[in-house]
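Report on the following structure.
The values are calculated or read from the model by the stated rules, or taken from the named source; none is laboratory data. Because the structure is a prediction, the values reported are computed rather than measured. Neighbour counts run over all protein chains shown; Cβ positions are idealised from the backbone, glycine included.
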Amino acid sequence: MKRVKAAKQVGVRQSLLMAGLIMASAGVQAGTITTGSGIADRIVDAGSISIRDSGGRLELAPGGRLELRDPYAVIQPSVLLNSASTSSSVSGSMSYSVGTSSGNFSEYDSSPDGAMVELELNRKGYGYHAEASADVAQLKARAETKWVPGSNGAGNYYNYGSSSANATSTWSDWFVISGGTGLGTASFASVLDGVMASSKNGSAGYSLNIGYSTGTYCYYWYNSCGEADQSQTLFSQTSSLSGKGKSTLSQDIEGEFIFAYDQAFQLTATLNVSGSNGGMADFALASLDDSLILPEGANLLSSSGLYVQAVPEAETYAMMLAGLGLVGVAAARRRARSK
């Protein structure tokens with residue numbers, strides 16, 4: 001299995017590859033070298049190119065073609081992917097009766113693109129604060145409430161009230177894995193961090209759900225589906241806290257799923273937190289961008305473009321360029337001997 005990381009410095013990669021092609025063509029007067037999508041061709045009009053190493057010899061016959069491929073070039077499968085998406089939403093409610101004052105409030109806000117949304121209100125010792133955001137890098141959600149115990153007020157009044165808050169952030173991306181046939185198994189690893197606190201009469205909670213789907217309707221009375229077509233739960237965890245207490249969490253999470261090569265699928269992560277009557281929950285899920293683990297030889301593409309095959313180290317580039325240079329030198333020597 002191999003870990004997939006977000007590619008960086010793509011421009012440098014392309015520049016190095018082009019530099020290697022120039023080295024390969026140095027001193028070669030006949031034929032042409034063309035590039036495109038990480039592929040270089042050397043057409044030899046006469047003679048042959050012989051590349052030798054300790055393992056044997058590779059020869060190119062007259063009129064043949066030598067094709068140099070970037071081993072790290074991502075194979076583009078002919079599968080259309082739906083768009084990646086993020087969303088965030090918050091809600092808060094509060095009611096109270098304190099002396100001759102009373103109030104009943106309820107709010108909701110959301111963002112279809114995962115931008116930060118926030119609500120806050122405070123009255124007579126009661127209040128709520130909720131915020132949420134989502135992007136391809138991280139999910140965040142926080143819900144906090146304020147509350148005071150009921151008490152006897154002046155005259156015949158009794159003071160009481162309640163408060164609650166909720167925050168949700170969701171991330172979804174479409175993927176396709178190529179480089180194999182049939183079914184394969186992939187997994188992810190990430191980190192969930194958070195804290196919950198509650199009061200004597202309050203509560204707090206969170207839930208995290210990460211799932212796999214292809215959008216196929218797999219009802220036994222409608223049609224039969226293969227294992228990779230069925231919805232799968234990669235990770236599902238819920239926790240709540242009540243009473244006067246506090247809980248801190250920093251947890252490594254992992255999940256595994258079955259996929260079909262060259263078939264599009266969707267991964268969705270939803271983080272939800274809540275608090276009531278003095279409870280608070282604040283959580284964040286780290287990105288999966290460098291934590292997807294694929295079978296050996298597999299390539300992965302995503303709608304967001306964040307998840308791509310790992311970029312080779314600088315040493316690998318050096319070996320690639322050295323090999324390209326030797327091709328040019330071999331061709332030049334061959335031509336010199338044929339004169």
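Of the residues GLU107, GLU120, GLU131, the single one that is modelled with pLDDT of 95 or more, touching a Gly at 6+ places or on another chain (Cβ under 6 Å) and part of a strand (DSSP E or B) is GLU107.
Going by what's in this entry, would SER91 be described as in a strand (DSSP E or B), out of contact with any helix residue (DSSP H, G or I) (no Cβ under 7 Å at 6 or more places or on another chain) and within 24 Å of MET280 (Cα to Cα)?
Here the answer is yes, as SER91 does meet what is asked.
Residue count for the stretch 164-199 satisfying the condition of being in contact with a Gly (Cβ under 6 Å, 6 or more places away or on another chain) and in a strand (DSSP E or B): 3. Within the stretch 137-175, the residues that satisfy the criterion of being crowded, with 21+ Cβ neighbours inside 10 Å and hydrophobic (A, V, I, L, M, F, W, C) are LEU139, ALA141, ALA143, TRP147, ALA165, ALA167, TRP171, TRP174, PHE175. For THR181, the stated conditions hold: it is in the same structural domain as ALA269 (by TED's automatic domain parsing), surrounded by fewer than 17 Cβ atoms within 10 Å (Cβ to Cβ) and farther than 20 Å from SER106 by Cβ.
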